[in-house]
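Undergrad: If you scroll down you'll find the structure; I have some questions about it.
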Protein chains: 4
Amino acid sequence: MQDTLRIRDLIERVTAMPGYTSSIGTQVVDVAPGEVSLRLPLRPELVQFNGHFHGGVVAGLADHAAGAAATSMLPPGRIAVTVSLNTNYVAPARGEYLLAKARTVQTGGTISVATVEVTAIHLGKETLAAIATVTLRAVELPST
Amino acid sequence: MQDTLRIRDLIERVTAMPGYTSSIGTQVVDVAPGEVSLRLPLRPELVQFNGHFHGGVVAGLADHAAGAAATSMLPPGRIAVTVSLNTNYVAPARGEYLLAKARTVQTGGTISVATVEVTAIHLGKETLAAIATVTLRAVELPST
Amino acid sequence: MQDTLRIRDLIERVTAMPGYTSSIGTQVVDVAPGEVSLRLPLRPELVQFNGHFHGGVVAGLADHAAGAAATSMLPPGRIAVTVSLNTNYVAPARGEYLLAKARTVQTGGTISVATVEVTAIHLGKETLAAIATVTLRAVELPST
Amino acid sequence: MQDTLRIRDLIERVTAMPGYTSSIGTQVVDVAPGEVSLRLPLRPELVQFNGHFHGGVVAGLADHAAGAAATSMLPPGRIAVTVSLNTNYVAPARGEYLLAKARTVQTGGTISVATVEVTAIHLGKETLAAIATVTLRAVELPST
């Protein structure tokens with residue numbers, strides 16, 4: 001319990017730091033050991049030519065969710081950084097917001113692997129837009 | 001020649017359209033058949049907690065460069081959209097700007113494949129930050 | 001029902017044809033629309049230096065399971081061939097046999113995507129050894 | 001020089017050990033620091049339904065070449081094992097033999113990344129059949 005609070009606090013703080021994740025409006029929805037959900041509302045500066053979320057934005061959200069999920073399984077003082085990010089786009093990311101749900105499938109001393117489902121919510125209907133597999137490695141958390 | 005001009009014009013227009021690629025400041029550097037280079041200067045809203053370009057930004061730039069390179073090999077009226085995007089991060093993307101150089105390795109009736117090298121330029125020194133392999137498929141260009 | 005029988009028959013026949021899948025001993029376990037399970041017993045010629053299933057064998061089994069699952073969703077006369085195969089190895093593939101369970105997450109006119117879990121069964125205990133994401137495209141079934 | 005001989009010897013020995021790589025007939029062609037080429041002649045038990053090399057065989061050869069190239073950059077007593085293997089099939093692997101040429105693009109204390117080109121040689125003509133990106137990690141070489 002205590003630990004879930006610590007992890008949620010860490011993920012909220014990293015997400016809210018000045019930079020990419022905060023500037024695009026990333027919201028932390030749920031945090032549990034090995035599972036993190038993020039939410040990203042649509043903004044004009046996040047779309048591609050057809051008005052849907054840009055593929056880079058989808059990949060970036062998946063990446064951040066996977067990093068948070070993997071980090072949630074690490075001991076205090078360590079953070080997971082991405083080694084590789086594989087994203088498959090299975091439907092247009094069209095909607096008022098995206099949801100990225102990440103789940104760890106491996107946590108080792110060095111390597112973690114998380115899978116992510118990114119859905120687009122349009123008029124209350126949720127459509128799977130992308131799946132991602134993210135490989136990460138654990139490093140010391142830089143003191144901030 | 002004529003055709004290279006047409007392709008460059010198309011890529012410049014798609015990149016400059018309101019949305020993600022223009023809002024982050026993506027610049028088209030070079031366009032040749034099957035090869036496109038993009039440049040992305042550093043901005044505070046593109047970084048992660050350590051001040052380097054965020055992995056999602058790196059992936060998005062690679063994606064856009066690959067899409068442009070693949071599209072450059074298609075007949076007029078068709079555009080390449082991403083099926084899958086695989087990015088390996090090999091060094092911190094630290095620098096004043098990124099360069100993404102995409103090159104097609106396959107152009108079929110349906111499927112294209114492009115590889116991308118993303119380098120970070122810091123104080124004039126260029127470091128390979130990420131490599132990506134992008135699978136795309138050709139669709140009709142939406143009339144705009 | 002009729003259709004499930006047709007699909008199972010097709011997958012059994014393709015798996016049993018002279019060549020790689022039959023020579024290594026691939027067995028079809030379950031076939032349902034969009035879901036296929038394969039089984040591969042251990043043989044001395046399938047191992048790597050440590051006695052576990054070789055990574056190439058694991059990837060090949062995942063590939064075949066994904067192809068079968070994707071093909072099961074196509075109309076008669078069409079077969080899914082692999083465009084890209086992404087495999088993450090999450091634990092040693094140590095055991096008396098492997099099970100590969102593939103499930104389609106997208107079936108389009110051109111592109112299909114399937115995810116696969118490969119588990120290794122050792123002394124009755126099942127361990128997740130690898131996950132794979134496979135992108136495929138539909139082609140005409142060669143008449144044989 | 002001495003070191004290249006040591007590395008070549010290690011790769012030859014690992015490749016020739018009883019198991020998958022020797023049973024399919026893998027040959028070591030070239031070994032240099034960070035670069036390894038392998039050759040695989042066609043055999044009836046390596047093909048898929050159309051008579052071309054099976055995708056799993058192509059992936060396995062790429063994997064072994066990448067592992068050898070990554071290991072060649074490690075200090076004595078360490079070996080690179082695969083974390084993830086991403087293969088794109090860009091043309092049918094049709095020919096009398098395959099050539100896999102692997103090259104490391106990153107060698108870290110923990111993680112290595114290698115890219116591989118697999119070509120098929122048919123009647124003296126070499127065609128790019130697949131490209132792969134392989135992520136590996138260094139482990140202690142098991143004493144054998």
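The values are calculated or read from the model by the stated rules, or taken from the named source; none is laboratory data. What you see is a predicted model, and the numbers here were worked out from it, not measured in a lab. As a convention, Cβ positions derive from the backbone with ideal geometry for all residues, glycine included, and neighbour counts pool all protein chains shown.
Undergrad: Across the stretch C:21-53, what is the total count of residues that are more than 14 Å from the chain's Cα centre (by Cα) and free of Cβ contacts under 8 Å to residues at least 24 places away in the same chain?
TA: 8
Undergrad: From C:112, C:84, which residue is more than 22 Å from residue A:113 (Cβ to Cβ) and in a strand (DSSP E or B)?
TA: Result: C:112 is the single residue among C:112, C:84 that is more than 22 Å from residue A:113 (Cβ to Cβ) and in a strand (DSSP E or B).
Undergrad: I would also like to ask the following. For the list (1) touching a helix residue (DSSP H, G or I) at 6+ places or on another chain (Cβ under 8 Å); (2) outside any strand (DSSP E or B), I need the number of the one condition that residue B:94 fails.
TA: So residue B:94 meets the others, but not (1).
Undergrad: For the stretch D:43-55, what are the residues that are surrounded by 21 or more Cβ atoms within 10 Å (Cβ to Cβ) and either modelled with pLDDT of 95 or more or among the aliphatic types (A, V, I, L, M) (or both)?
TA: D:46, D:47, D:52, D:53, D:54, D:55
Undergrad: A follow-up question, please. Among the residues of the stretch D:21-33, what is the count of those that are surrounded by 17 or more Cβ atoms within 10 Å (Cβ to Cβ) and either on the phi > 0 side of the Ramachandran plot or in contact with a Pro (Cβ under 7 Å, 6 or more places away or on another chain) (or both)?
TA: The number of residues fulfilling the criteria is 0.
Undergrad: Mind listing just one residue for me: the one in the stretch D:61-81 that is part of a helix (DSSP H, G or I) and of a type in the set (A, V, I, L, M) and, of those, surrounded by the most Cβ atoms within 10 Å (Cβ to Cβ)?
TA: Per the criteria, the residue is D:69.
Undergrad: Let me ask you something else. Kindly provide the set of residues from the stretch B:16-55 that are assigned to a helix (DSSP H, G or I) and of a type in the set (D, E, K, R), ordered by number.
TA: B:45
Undergrad: Read through the list (1) farther than 20 Å from residue B:82 by Cβ; (2) surrounded by fewer than 24 Cβ atoms within 10 Å (Cβ to Cβ), then give the number of the only condition that residue C:89 fails.
TA: Only one criterion in (1) farther than 20 Å from residue B:82 by Cβ; (2) surrounded by fewer than 24 Cβ atoms within 10 Å (Cβ to Cβ) is unmet by residue C:89, namely (2).
Undergrad: Could you please give the count of residues in the stretch C:122-137 that are out of contact with any helix residue (DSSP H, G or I) (no Cβ under 7 Å at 6 or more places or on another chain) and closer than 28 Å to residue A:84 by Cα?
TA: Looking only at that region, the number is 7.
Undergrad: Out of the residues in the stretch B:9-20 meeting the condition of being over 13 Å from the mean Cα position of the chain (by Cα) and surrounded by 17 or more Cβ atoms within 10 Å (Cβ to Cβ), tell me which one is farthest from residue B:81 (Cα to Cα).
TA: So, considering only residues that are over 13 Å from the mean Cα position of the chain (by Cα) and surrounded by 17 or more Cβ atoms within 10 Å (Cβ to Cβ), the one farthest from residue B:81 (Cα to Cα) is B:19.
Undergrad: Is at least one residue of the stretch D:67-76 closer than 27 Å to residue C:42 by Cβ, at pLDDT 95 or above and within 11 Å of chain C (Cβ to nearest Cβ)?
TA: Looking through the stretch D:67-76, at least one residue is closer than 27 Å to residue C:42 by Cβ, at pLDDT 95 or above and within 11 Å of chain C (Cβ to nearest Cβ).
Yes/no per residue for (1) within 13 Å of chain A (Cβ to nearest Cβ); (2) closer than 21 Å to residue D:55 by Cβ; (3) in contact with a strand residue (DSSP E or B) (Cβ under 9 Å, 6 or more places away or on another chain):
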site: C:78; (1), (2), (3): no, yes, yes
site: C:88; (1), (2), (3): yes, yes, yes
site: C:94; (1), (2), (3): no, no, yes
site: C:107; (1), (2), (3): yes, yes, yes
site: C:114; (1), (2), (3): yes, yes, yes
site: C:127; (1), (2), (3): yes, no, yes
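Undergrad: Which one of the conditions (1) within 13 Å of another protein chain (Cβ to nearest Cβ); (2) in a helix (DSSP H, G or I); (3) surrounded by fewer than 23 Cβ atoms within 10 Å (Cβ to Cβ) does residue D:58 fail to meet, given that it meets all the rest?
TA: Against the list (1) within 13 Å of another protein chain (Cβ to nearest Cβ); (2) in a helix (DSSP H, G or I); (3) surrounded by fewer than 23 Cβ atoms within 10 Å (Cβ to Cβ), residue D:58 comes up short only on (3).
Undergrad: Would you mind stating whether residue A:100 is within 20 Å of residue B:90 (Cβ to Cβ), away from chain C (no Cβ under 14 Å) and either buried (at least 16 other Cβ atoms within 10 Å of the Cβ) or not hydrophobic (A, V, I, L, M, F, W, C) (or both)?
TA: It is false that residue A:100 is within 20 Å of residue B:90 (Cβ to Cβ), away from chain C (no Cβ under 14 Å) and either buried (at least 16 other Cβ atoms within 10 Å of the Cβ) or not hydrophobic (A, V, I, L, M, F, W, C) (or both).
Undergrad: Collect the residues in the stretch D:1-16 that are in contact (Cβ under 8 Å) with a residue 24 or more places away in the chain and not polar (S, T, N, Q), keeping them in residue-number order.
TA: D:3, D:6, D:7, D:10, D:11, D:14 - these are the residues of the stretch D:1-16 that are in contact (Cβ under 8 Å) with a residue 24 or more places away in the chain and not polar (S, T, N, Q).
Undergrad: Would you confirm whether any residue within the stretch B:132-140 is under 18 Å from residue A:89 (Cβ atoms), more than 14 Å from chain D (Cβ to nearest Cβ), among the acidic types (Asp, Glu) and touching a residue at least 12 places away in the same chain (Cβ under 8 Å)?
TA: Yes, some residue in the stretch B:132-140 is under 18 Å from residue A:89 (Cβ atoms), more than 14 Å from chain D (Cβ to nearest Cβ), among the acidic types (Asp, Glu) and touching a residue at least 12 places away in the same chain (Cβ under 8 Å).
Undergrad: Anything in the stretch A:25-55 that is within 12 Å of another protein chain (Cβ to nearest Cβ) and either under 16 Å from residue A:114 (Cβ atoms) or not hydrophobic (A, V, I, L, M, F, W, C) (or both)? List them, or say none.
TA: Hits for the stretch A:25-55 are A:25, A:26, A:38, A:43, A:44, A:45, A:48, A:50, A:51, A:52, A:54, A:55.
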